[in-house]
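Worksheet: one structure, shown below.
The values are calculated or read from the model by the stated rules, or taken from the named source; none is laboratory data. Source: prediction; values computed, not measured. Backbone-built Cβ (ideal geometry, glycine too); neighbour counts: all protein chains shown. SASA here: full protein model, heavy atoms, side chains in, ligands and nucleic acids out. Shrake-Rupley method; radii C 1.70, N 1.55, O 1.52, S 1.80 Å.
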Amino acid sequence: MPGYGGSSATSSGSRTNGMAIASLCCGIVGLFFLNIILGPLAIVFGAVARRRTAAGNGTGMATAGIILGVVDVVLWVVLLAVAANGGSGWYVGG
């Protein structure tokens with residue numbers, strides 16, 4: 001009878017860098033909530049992860065986190081510009 005927890009995925013030697021995962025998560029969540037805080041965090045976590053990791057162990061996630069972090073910051077700047085302009089004037093209704 002085979003034992004529990006004998007998955008080949010958990011016993012493999014290559015693990016994804018935690019900073020790359022944190023960067024990607026901050027970038028995704030930052031699109032919807034607290035983008036001025038989570039955007040720069042995604043950029044920093046992604047940069048640290050790219051320096052620490054070897055090729056293939058999370059560099060794609062770290063790069064995606066950096067890109068999403070930049071998108072978060074740009075989104076915040078656009079929303080700030082719209083709010084400073086007195087709103088968008090996109091009123092739909094009667």
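Brief remarks follow.
- When the solvent-accessible area of the range 13-92 is split by element, carbon and sulfur atoms take up 72 percent of it, the probe being 1.4 Å.
- Computed FRET value (nearest 0.05) for A84 with V48, which takes r as the C-beta separation and R₀ as 25 Å: 0.15
- Per-residue Karplus couplings for the range 66-83, computed as 6.51 cos²θ - 1.76 cosθ + 1.60 with θ equal to phi - 60°, are listed in order as 5, 5, 5, x, 5, 4, 4, 5, 5, 4, 5, 5, 5, 5, 5, 5, 5, 5 Hz, Gly and Pro entered as x.
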